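First up is the structure itself, then whatever we jot down about it.
The values are calculated or read from the model by the stated rules, or taken from the named source; none is laboratory data. All values derive from a computational prediction rather than experimental measurement. Here the Cβ positions follow ideal geometry from the backbone for every residue, glycine too, while neighbour counts run over all protein chains shown. We work out accessible area using only protein heavy atoms, side chains counted, and drop any ligands, DNA or RNA first. Shrake-Rupley method; radii C 1.70, N 1.55, O 1.52, S 1.80 Å.
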Amino acid sequence: MIGASVKRKEDQRLVTGRGRYVDDLRVPGTLHAAIVRSPHAHARIARIDARRARRLPGVVAVLTTAEAPELAASVPPLIREPGWPDYRHPVLASNRVRHVGEAVAVVVADDAYRAADAAEAVVVEYEPLAAAVRPAVPAPAIVHEGWRDNRAGVSEARVGDTARGLADADVVIETRVTYPRVTGVPIEGRAVLAAPDVELGRLTVWSSTQVPFNVRSAIAAALEIAEEAVRVVAPDVGGGFGIKGHVYPEDVLVPAIARRLGRPVKWVETRREHFLTASGDRDQQHRARLGLDHDGTIVALETVFTRDHGAYPTLGAAMTANTINHLVGPYRVPNYHARGDNLLTTKTFAGAYRGAGRPEAALVLDRLLDRAARRLGLDAAELRRRNLIRRDEMPFATGLTYRDGVAITYDPADYVGAFDALIERIDWTGWRKEQAARRGTPRPIGLGISAYVEGTGLGPFEGAEVSVDPSGVVLVDIGVGAQGQAHETTLAQIAAAELDVPLERISVRGGDTDRVGFGLGTIASRVAAVAGPAVARSSREVARKARLVAAELFECAPQDVVLAGGAVHVAGAPDRRLPLGRVARAAVRSRALVESGRPGLGACVFFYPGTVTWAFGAQAAVVEVDLETCSLAVFRHVVVHDAGRAINPMVVDGQVQGGTAQGLGSALLEEIVHDAEGQLLTGSLMDYALPRAADFPAPEIVHVAFPSAVNELGVKGVGESGVIAPGAMIAGAVEDALADHGARIDRLPVTPAHVFEALRAARRTPDASRSSDR
């Protein structure tokens, strides 16, 4: 069953409109919340006047921290970095706002439209303060009281002697690279519904989140109640991509209101609110240097960069650390130094977006490699191939330490072989000939290439409760929810493989804090690699118990019991057969399970990976540039990726294709833009461009399989793989096409306007392409 491209079990429900999203849920007596948000990036709150709003029809309450002190609680960060200054991320701001869109009051009414109208009637007087829109020290304004400046902390790593390596290098390439802020735009925005149960003394909260257990903890802390008194359910979720991978103020705000009013309360984010308040990512600026010998051997790599966290560093240094640890890529880099400044600004707080620090690393490294190849007179692919870690060097230790505290060691794999498969599939040599033929024409073409490594399957754990119902249905309860990743299919395939039960008889249930006691969430490409082994181990234990109980029923030895097709039988006597459900019913009273300490056919096992498992991938593309319009066209695009042992190759394809499309969106279209006052200029789908199906050719995907050394299934995460390389690949292809013109591509997205500016800058400074190379 593992390795089969079976159809996704969840799709029939979703495509026929039977999915259940937060906004679909109906609870009798539900009130609706609308949030009053700051129009300023930085200001003091002088006065809030809600008298007119309270008089409007249908309005039940208008709340600020004055009326509801619990709304002044602080939202806990997903990661609290030791040594970083303390800060508070208020559910509702009471005296100061730190980004446009920060919540200052909430209106509750019997209808969503009435609530929205009443929110507009709330009058808030502000005293504007200077905005800090660019990450800098010193800055025009300090974001948090008591901080010396806007630096939360510094992330740094060293391997070898980088200063000596650069000093002794034959060639040193220097560059400045910018990866601007982008955001995820899921089909479903954020949404929260909270319903108090007075009799049980519990709150049930439905949230469109990737991390229900974190939401539960935040609610319990803010309301000063036991976590057991809060149940958080993530029903069907229409996309996450990391944007829903941490706790938001609204996740606490809505349950707090429901508890205060004693009635269910719902809030559904508008698309405008999403652009204004949902966290973005990337937002890095690098100054980097690469040193090489004359034969192209890398001798040293250095980068100093900033990461803009916005107003609240809720993910700590995780994204910065990801960039640092992934920037050396799949290459031998004997001397390396990276320093990342984690800086705050008066913008919406940044979180994690698919790729989470890795696309930035690829962009920096590949800009350096492409320019080094031109400087040395080598083909871009050849330079990379010479520096790839070889199979006989595996497992390879980079000298760095991952953010889980474990030294980084790449899983054994054949990087060179996979890279060569990419070069062959795209016909690199043939396109080089076509490029030469087009030289001097109005439509030159360029070749772009990017190879990367990816740490996947972050711990510390995930668990799975597997049980057999007397009806014969196998229930697989997990602590993670789904936002389109096909958990109901792939995790069922794992259970089916262990229990030999038909796939249609297995039900996977997740995203509910009442199902499994603990869970970390669907983030960091971790479910298949961490929850998957937990499902396998729990299923294996259930199979063992089934053999014990069946042996008692058959009066044979447990090792003679065979599980097959959802039934059990005695080896060599298939006619002595019982349905697995019958065994489950007998297991409730069976003495054979005394040693297990638990009746019934069930088991709950938690899997703790020692560290992340490392995947390899590479992408290449051919891009045409129209010199008259500066528009771009992607002619061909090939992706090679290692997902280890694929549970469902079709699902893996879908993940790679989806991630690649998002990567191309960031490469060619997407950018969150603020003006000098911190006002959002890209606040709608009219201003923030998203890729469409017709914009790019379908990527050709080449799978290579190097099983993980970290888990017994051999699986590696694949959810974020496709998004890592496209930005670096497109930037390289466009610069390659414009090499005769001396144009440099130092930032994303590579829009026609940016291509025009790059060509104009090259005309102003003809030797600009060589000015920073030594």
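Hey, could you check the range 418-449 for residues that are touching a Lys or Arg at 6+ places or on another chain (Cβ under 9 Å) and open to solvent by less than 30 Å² (accessible area, probe 1.4 Å) and say which is nearest to R544 (Cα to Cα)?
Across the range 418-449, the extreme among qualifying residues is F419.
When the range 196-228 is examined, which residues are found to be modelled with pLDDT of 95 or more, open to solvent by 20 Å² or more (accessible area, probe 1.4 Å) and not acidic (D, E)?
Across the range 196-228, the qualifying residues are P196, R202, T204, W206, N214, R216, S217, A221, I225, A226.
For every residue, the table says whether it meets (1) hydroxyl-bearing (S, T, Y); (2) open to solvent by less than 10 Å² (accessible area, probe 1.4 Å); (3) in contact (Cβ under 8 Å) with a residue 40 or more places away in the chain; (4) in contact with a Leu (Cβ under 8 Å, 6 or more places away or on another chain).
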residue: N335; (1), (2), (3), (4): no, no, yes, yes
residue: E360; (1), (2), (3), (4): no, yes, yes, no
residue: R375; (1), (2), (3), (4): no, no, yes, no
residue: R390; (1), (2), (3), (4): no, no, no, no
residue: A397; (1), (2), (3), (4): no, no, no, no
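Quick check: is even one residue across the range 405-415 touching a strand residue (DSSP E or B) at 6+ places or on another chain (Cβ under 8 Å), at pLDDT 95 or above and under 20 Å from P726 (Cβ atoms)?
Of the residues in the range 405-415, the ones touching a strand residue (DSSP E or B) at 6+ places or on another chain (Cβ under 8 Å) are 407-411, 413-415.
Within this subset, residues satisfying the condition of being at pLDDT 95 or above are 407-411, 413-415.
Within this subset, residues satisfying the condition of being under 20 Å from P726 (Cβ atoms) are 415.
Among the residues of the range 405-415, at least one is touching a strand residue (DSSP E or B) at 6+ places or on another chain (Cβ under 8 Å), at pLDDT 95 or above and under 20 Å from P726 (Cβ atoms), which makes the answer yes.
Would a scan of the range 237-251 turn up a residue that is at pLDDT 95 or above, open to solvent by 40 Å² or more (accessible area, probe 1.4 Å), under 23 Å from the mean Cα position of the chain (by Cα) and closer than 30 Å to E671 by Cβ?
yes
Scan the range 497-505 and tell me whether some residue there is of a type in the set (D, E, K, R) and surrounded by 24 or more Cβ atoms within 10 Å (Cβ to Cβ).
No, every residue in the range 497-505 fails to be of a type in the set (D, E, K, R) and surrounded by 24 or more Cβ atoms within 10 Å (Cβ to Cβ).
Can you tell me how many residues within the range 15-68 are surrounded by 15 or more Cβ atoms within 10 Å (Cβ to Cβ) and part of a strand (DSSP E or B)?
15
Please find, within the range 714-728, the residue that is nearest to V453 (Cα to Cα) out of those that are in a helix (DSSP H, G or I) and among the hydrophobic types (A, V, I, L, M, F, W, C).
Among those that are in a helix (DSSP H, G or I) and among the hydrophobic types (A, V, I, L, M, F, W, C), it is I724.
Looking at the range 286-294, is at least one residue aliphatic (A, V, I, L, M), in contact with a strand residue (DSSP E or B) (Cβ under 9 Å, 6 or more places away or on another chain) and open to solvent by 10 Å² or more (accessible area, probe 1.4 Å)?
no
Does R231 satisfy the criteria of being surrounded by fewer than 24 Cβ atoms within 10 Å (Cβ to Cβ), among the charged types (D, E, K, R) and under 15 Å from G519 (Cβ atoms)?
Answer is yes for this residue.
Only residues in the range 162-178 that are of a type in the set (S, T, N, Q) count as the first member; pair them with residues that are surrounded by 14 or more Cβ atoms within 10 Å (Cβ to Cβ) and part of a strand (DSSP E or B), Cβ under 7 angstrom, at least 6 apart or cross-chain, and list the lot.
These pairs meet every condition: T162/A300; T162/E302; T162/Y336; T162/H337; T175/A288; T178/Q285; T178/R747.
Go through the range 589-640 and report how many residues are touching a residue at least 40 places away in the same chain (Cβ under 8 Å), of a type outside the set (F, W, Y) and closer than 29 Å to S538 by Cα.
Total meeting the criteria: 16.
Looking at the range 579-590 only, could you name the residues that are within 11 Å of K545 (Cα to Cα) and either of a type outside the set (S, T, Y) or open to solvent by 80 Å² or more (accessible area, probe 1.4 Å) (or both)? Explain how you work it out, then say what you get.
Of all residues in the range 579-590, those within 11 Å of K545 (Cα to Cα) come to 583-584, 587, 590.
Hits for the range 579-590 are V583, A584, A587.
Could you check how many residues of the range 385-425 are part of a loop (DSSP other than H, G, I, E, B), acidic (D, E) and within 19 Å of G644 (Cα to Cα)?
2
Report whether or not Q485 is under 25 Å from the mean Cα position of the chain (by Cα) and either open to solvent by 40 Å² or more (accessible area, probe 1.4 Å) or within 21 Å of Y608 (Cβ to Cβ) (or both). Reasoning before the result, please.
Numbers: under 25 Å from the mean Cα position of the chain (by Cα): yes; either open to solvent by 40 Å² or more (accessible area, probe 1.4 Å) or within 21 Å of Y608 (Cβ to Cβ) (or both): yes.
Yes.
Please report, ordered by residue number, the strands (runs of 3 or more DSSP E) entirely within the range 605-711 with at least 1 residues that are open to solvent by 10 Å² or more (accessible area, probe 1.4 Å) and hydrophobic (A, V, I, L, M, F, W, C).
Counting at least 1 such residues, we get 632-642, 700-704.
Quick check on the range 162-195: of everything there that is crowded, with 20+ Cβ neighbours inside 10 Å and hydroxyl-bearing (S, T, Y), which residue is farthest from the chain's Cα centre (by Cα)?
Result: T162.
Residues in the range 364-371: is at least one in contact with a helix residue (DSSP H, G or I) (Cβ under 8 Å, 6 or more places away or on another chain), modelled with pLDDT of 95 or more, over 20 Å from L748 (Cα atoms) and not charged (D, E, K, R)?
No, the range 364-371 has no match at all.
With the structure loaded, tell me whether I219 is touching an Asp or Glu at 6+ places or on another chain (Cβ under 8 Å), over 14 Å from G481 (Cα atoms), without any contact (Cβ under 8 Å) to a residue 40 or more places away in the chain and not acidic (D, E) or whether it fails that test.
Considered against the rule, which asks whether it is touching an Asp or Glu at 6+ places or on another chain (Cβ under 8 Å), over 14 Å from G481 (Cα atoms), without any contact (Cβ under 8 Å) to a residue 40 or more places away in the chain and not acidic (D, E), I219 comes out as yes.
Can you confirm whether Y331 is farther than 29 Å from A103 by Cα and among the hydroxyl-bearing types (S, T, Y)?
When the stated conditions are applied, Y331 passes them.
With the condition kept exactly as written, say whether any residue in the range 341-354 is within 19 Å of the chain's Cα centre (by Cα), small (G, A, S), closer than 23 Å to V182 by Cα and open to solvent by 10 Å² or more (accessible area, probe 1.4 Å).
yes
Is the range 545-565 home to any residue that is part of a loop (DSSP other than H, G, I, E, B), touching a residue at least 24 places away in the same chain (Cβ under 8 Å), over 30 Å from A234 (Cα atoms) and not aromatic (F, W, Y)?
yes
Which number in (1) closer than 23 Å to V416 by Cα; (2) touching a helix residue (DSSP H, G or I) at 6+ places or on another chain (Cβ under 6 Å) marks the one condition that P691 misses?
Evaluating P691 over (1) closer than 23 Å to V416 by Cα; (2) touching a helix residue (DSSP H, G or I) at 6+ places or on another chain (Cβ under 6 Å) leaves (1) as the failure.
Would you check if L301 is over 30 Å from P128 (Cβ atoms) and touching a Phe, Trp or Tyr at 6+ places or on another chain (Cβ under 6 Å)?
When the stated conditions are applied, L301 passes them.
In the range 69-98, which residues are over 26 Å from the mean Cα position of the chain (by Cα), surrounded by 19 or more Cβ atoms within 10 Å (Cβ to Cβ) and part of a loop (DSSP other than H, G, I, E, B)?
Within the range 69-98, A73, L92, A93 qualify.
I need the full set of residues from the range 561-575 which are farther than 26 Å from Q493 by Cβ and surrounded by fewer than 16 Cβ atoms within 10 Å (Cβ to Cβ), in order please.
Once the filter is applied, which keeps residues that are farther than 26 Å from Q493 by Cβ and surrounded by fewer than 16 Cβ atoms within 10 Å (Cβ to Cβ), the range 561-575 yields G572, A573, D575.
Could you check the range 453-472 and list, in sequence order, the residues that are in a loop (DSSP other than H, G, I, E, B) and over 15 Å from V530 (Cβ atoms)?
D469, P470, S471, G472
Could you grab the pairs with beta carbons closer than 6 Å, sequence gap of 6+ or different chains, first residue in the range 88-112 and farther than 16 Å from L129 by Cβ, second one aromatic (F, W, Y) and open to solvent by less than 20 Å² (accessible area, probe 1.4 Å)?
H89/Y312
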